[in-house]
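Just so it is clear, none of the values below were taken in a lab; they were calculated from the coordinates. All of these numbers come straight from a predicted model, not from anything done at the bench. Positions of Cβ are generated from backbone atoms using ideal geometry, with glycine treated the same way; all protein chains shown enter the neighbour counts.
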Amino acid sequence: MIETIATTPYDDQKPGTSGLRKKVPHFQQPNYAANFIQSIFDALPLDGGETLVIGGDGRYYNREVILMAIRMAAGNGYGRVVVGKDGILSTPAASNLIRKRGASGGIILSASHNPGGAKGDFGIKYNGSNGGPAPESVTARIFEKSKSIQRYRVWTSTAPDISKLGETTLGDMVVEVIDPVADYAELMESLFDFAKIRDLIASGFRLRFDAMHAVTGPYATEILERRLGAPQGSVVNNVPKEDFGGGHPDPNAVHAAELISHLMANDGPDFGAASDGDGDRNLIVGKGVVVSPSDSLAVLAANAPLAPAYAGGLAGIARSMPTSQAADRVAQKRKIGIYETPTGWKFFGNLLDAGKVTICGEESAGTGSDHVREKDGVWAVLLWLNILAERRESVQDILDKHWAEFGRNFYQRHDYEEIDAKAANGLMESLRDRLASMAGQRFGTLVVSEADDFSYKDPIDGSVSTSQGVRIIFSGGSRIVYRLSGTGTAGATLRVYIERFESDPSKHALPPEEALKELIATADVIGEIKKRTGRSEPDVVT
Ligand code: G6P
Ligand code: ZN
C-alpha cells in the first residue's frame, strides 16, 4: 500500500556542485533524507513504470537511506529499481547501469572524497537518463520542491533484503539486486586491450592500487588482480568500510601519502594509483613522480588512441576552467575541439551527449570519457595501463616526452580549508569589485592582461552559469584563479589555482613550487589571503 506521510520543509536542501551534502547527524533529522528524495521525484516528469538505479559508496547511513529510497520509489510509481548488492555501486558503475538498463535516472548516495562514519559526511544526488549528474535546471527545481514539501510517499512494507542477488517485488515494483562489479568490469574489457595489459604485468611490471577502504576495493580487485593478473595484494585497503577505516578517502598528496611513499622508494612498484570514496576520482603515481591531474588529462588525451576504444581519435577534449591548459595544447596540435566549462562534471554532459568531446577532465582528480557520464577512477587507471602496455616506457619518461612535445604547464592548487565563510565571501567580493581596474596592473614582473569572473554559456542548450571563479590572467598566459569550493560541509574552502606555461625543455624539471614562486606570492597580494583569512599557509597543496 502506498502511504502518504506528512512532513515539513527544510530550507537548506539546495544541491551543491555534486548533490546535497551534509554531515550524517544533519541527514538523520526527522524526514530529512525522505524530504529530499521526494523532492527529486516531485521535480521529475514521471509517467510511472520507469526504472531507477540506486546505489552508494557504502559509507555510514548508506543502507538506511537506500532502503528508504527503494520504498519511496515504489510509493512514487517506479516499475523497477536496480540496486547494487548491499547498496553498493561506485558512481561510474551507477552511471553505466543507468545507460545500459535504459533507466530514467538514478539516486547515488555519496559524499565522494569526504570522510565518513557516524559523524562524517553523507550525500544524495540525482543522475538523469544519460547517466550524468542532473543539470542545474533540474537541481534548481529539486530545491524549489524541497522548500514547500508537505508530504512524501512510501510503500508501507519493509524493503526487500538487498544482500541477496536476484529479483523480488515491492507492491507493483520489481526490486533487482545486482552484482555491483560485473557490468562495469565488462564495460572496461570492451574499452581496453586487457591482453596487452596482462602481458605487461606478466613481464614483471609492478603496480599498487590503494582503494582507501572505499568503494573501488571490489572493482579494482576483480579487474586488476583477477582479470589482469596482478599478484594478490596489489590492491591494498580493498575492503570497503563505513568510515573508510577512519581515513579521508581523497586521493591527494596528503591523504594518499602512504601510496606515494611506496612509489618514491627505489625498490617500489612501477605504477601506483588510488581512487576516492565513490570511485570517480583518481590519483596516478609513477616511480618517483606524482602526476598532476591536469597533466594526466593531457597525457591521456594525447595517447588515448593507443587504446582500442579511442583508436579512431578523439572528437574533442573538455576541461573545467581551473584545470591547467595543458590539454588545450594537445587539442591544438591534434586539431580537435577544446571546451572550457565551469567546475563540476555535470557541465560535460551536454558536450558528451552531443558528441563534441570524447575525453574530459578536472584538476580535482577527475578524468573520464564518453563511456559513462561521470568521471571514472578505475577507467583512468586502465587507460594509463593500456598506454604503458603499448609504450613500454616509465611514467616519468612519458611525462618528460609529453612536456618536450607540448611544453609544460606548471600548476598548483592551494586549498585553505574551513575558513570563516564571511571572510571567504568578503575575499571573493573584494576581488570582483577590483576586476574592472585590474588589467594593466603590474605585480613584480607580472602584468595583468585580463581579469574576469568566469561565466559559461552551454553551447548545446544555451544555459548560462555565472560567478564560476575569478580569473587573473597575465601577459604570457600565466593565471591565478580564485574560487570557493562547492562541496565542503563546514565553513568555506578557498581554492587558489596557479599556472604558468614553460616551453623551454631545460626548465621542465624545476619543482612546481619554484617555477611558480612569483605567482604564488602574487596570489596572496591580489587575493589578500593572509589579511582576510588569517592563514599564512594553505592546508593542502595539490
Ligand atoms: C565534485 C565534482 C567535480 C568537481 C569537484 C569540485 O567532486 O564531482 O566535478 O570538480 O566536486 O569540488 P569543489 O570542492 O572544488 O567545488
Ligand atoms: Zn568522488
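Enclosing the Cα atoms of the stretch 184-406 in their convex hull gives a volume equal to 110 cubic angstrom per residue.
For a 31 Å ceiling on Cα separation, which of these pairs sit above it: LYS125/LYS517; LYS196/LYS507; LYS22/LYS530? Among LYS125/LYS517; LYS196/LYS507; LYS22/LYS530, the Cα-Cα distance tops 31 Å for LYS125/LYS517; LYS196/LYS507.
A full extension of the chain between THR7 and ARG151 corresponds to an added length of 51.3 nm, given 0.36 nm per residue minus the alpha carbon distance.
The shape of the stretch 88-185 can be summarised by an equivalent ellipsoid whose semi-axes, obtained from the alpha carbon gyration tensor, come to 23, 19, 17 Å from longest to shortest. Relative contact order for the chain: 13 percent, from Cα pairs under 8 Å spaced at least 6 residues apart, divided by residue count. For the stretch 43-85, the spread of Cα positions along the three principal axes, ordered from largest to smallest, is 33, 16, 16 Å. Pairs of Cα atoms nearer than 8 Å and 6+ residues apart set the relative contact order; for the stretch 311-407 it is 24 percent. FRET efficiency for the ALA509 to LYS14 pair, using the beta carbon distance and R₀ = 45 Å, is estimated at 0.50.
Hand me the trypsin sites (Lys or Arg not before Pro) from the stretch 74-181 located in a DSSP loop with no more than 14 other Cβ atoms within 10 Å, in residue order please.
Of the trypsin sites (Lys or Arg not before Pro), the ones in loops of the stretch 74-181 whose Cβ has at most 14 other Cβ atoms within 10 Å are LYS119, LYS164.
Of all DSSP beta bridges confined to the chain, the antiparallel ones make up roughly 70%.
Here is the size of the stretch 435-542 from its Cα atoms: Rg then Dmax, 15.5, 45 Å. Legend: calculated FRET efficiency, ASP172 to VAL239, from the Cβ-Cβ distance at R0 = 35 Å, rounded to 0.05, equals 0.40. Of all alpha-carbon pairs in the stretch 187-229, indicate the percentage at a distance above 14 angstrom. The share of Cα pairs beyond 14 Å in the stretch 187-229 comes to 51 percent.
For ASP461 and GLU429, FRET efficiency with R0 = 41 Å and r from the beta-carbon atoms, rounded to 0.05?
Numbers: r = 30 Å, r/R0 = 0.72.
Plugging the Cβ-Cβ distance into 1/(1 + (r/R0)^6) gives 0.85.
With Rh defined as the Kirkwood radius, the inverse of the mean 1/r over Cα pairs, the Rg/Rh of the stretch 1-157 is 0.92. Averaging the Cα positions of each part gives two centres, and for the stretch 366-415 and the stretch 29-45 these lie 39 Å apart.
Note on the chain: Cα-only Rg and Dmax are 22.9, 72 Å.
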